[in-house]
Amino acid sequence: MTEPKKSCQCHDYHRPDVDSTEAVWVDPSSYDYRQHGPPYMTASERDDIRKTASKLSPRLAAIVEDIDVTPLTTVLVVLLAANQVHYSHHWMTHGPSYYGDHLLFQRLFEESADVWDGVAERYLGLGGRREYLSPVDLTAGVAQVCRRVCTYYPNDPTPIQMAKCGLDMEYIVLSVLKTVYQTMEKSGALSGGTDDLLQAAMNKHEEFVYLLRQRVQQA
Ligand SMILES: [Fe+2]
């Protein structure tokens, strides 16, 4: 086991139960991802996030029912919808928590870019149809998902409603990733590279759920 990464002077203690050899725990109230790097979850926190994602309420599960053109384009549309939600909230947030929220939402869309770019390129690499990635088709799917998720919140949400909406969106992402992973595995379409890609996507979006949960709990 390697020594925990010491990226700054501010970490309070090293969590013994964290399932990463580079884990550093920082008091959430002084957490700055630029200084402290990504957050690390305990095995039980990760478990809890996976269970919640797989027990999505019917209203969230229904969101993806009409967009399953192919498994990977469904993933792509939902990832792009999450990206748009976080992007909009990055611009729209306001009030005393403005700076922290602005950076939190920025982190979510910045770090998701590699994931959705990888999914789109993998889809094409596997012989997917280019026309399914046309701006018109993609934005139609993104609009559909955004509308269904955001309809539960006001058009001008409070910062905490933005975090809750982002959290709903991230649970949908995890649920879709899991469903697509299982579908491709069952049909024998899951190559080693696609397996890695989808697993990495799940890990990244579990981190996002963790961050948004922390924000929602501050309310
Ligand atoms: Fe910006």
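Quick check, is VAL149 more than 30 Å from ALA219 (Cα to Cα) and more than 16 Å from the ligand (Cβ to nearest atom)? No: the conditions fail for VAL149. When residues in the stretch 50-72 are screened for being modelled with pLDDT of 60 or more, out of contact with any Ser or Thr (no Cβ under 7 Å at 6 or more places or on another chain) and surrounded by 22 or more Cβ atoms within 10 Å (Cβ to Cβ), 1 of them pass.
In the stretch 159-177, the condition of being of a type in the set (Asp, Glu), surrounded by 13 or more Cβ atoms within 10 Å (Cβ to Cβ) and under 16 Å from the mean Cα position of the chain (by Cα) is met by at least one residue.
Once the stretch 97-137 is narrowed to residues that are out of contact with any Leu (no Cβ under 9 Å at 6 or more places or on another chain) and closer than 20 Å to MET184 by Cα, the residue that is nearest to the ligand (Cβ to nearest atom) is ASP117. Can you find a residue that is over 16 Å from LEU72 (Cβ atoms), in contact with an Asp or Glu (Cβ under 8 Å, 6 or more places away or on another chain) and in a helix (DSSP H, G or I) anywhere in the stretch 122-143? Checked against the condition, which is being over 16 Å from LEU72 (Cβ atoms), in contact with an Asp or Glu (Cβ under 8 Å, 6 or more places away or on another chain) and in a helix (DSSP H, G or I), the stretch 122-143 yields no hits at all.
Taking each residue of the stretch 89-109 that is assigned by TED's automatic domain parsing to the domain that holds MET162 and farther than 18 Å from CYS150 by Cβ and looking for partners that are of a type in the set (Phe, Trp, Tyr) and more than 11 Å from the ligand (Cβ to nearest atom) with beta-carbon atoms closer than 7 Å, six or more apart or interchain, yields ARG107/TYR33. Among the residues of the stretch 84-96, at least one is over 19 Å from LEU174 (Cα atoms), touching a helix residue (DSSP H, G or I) at 6+ places or on another chain (Cβ under 9 Å), within 16 Å of the ligand (Cβ to nearest atom) and assigned to a loop (DSSP other than H, G, I, E, B).
The values are calculated or read from the model by the stated rules, or taken from the named source; none is laboratory data. Predicted model, so just to flag it, every value in this text is computed and none were measured. Here Cβ is always computed from backbone atoms with ideal geometry, including for glycine, and neighbour counts include all displayed protein chains.
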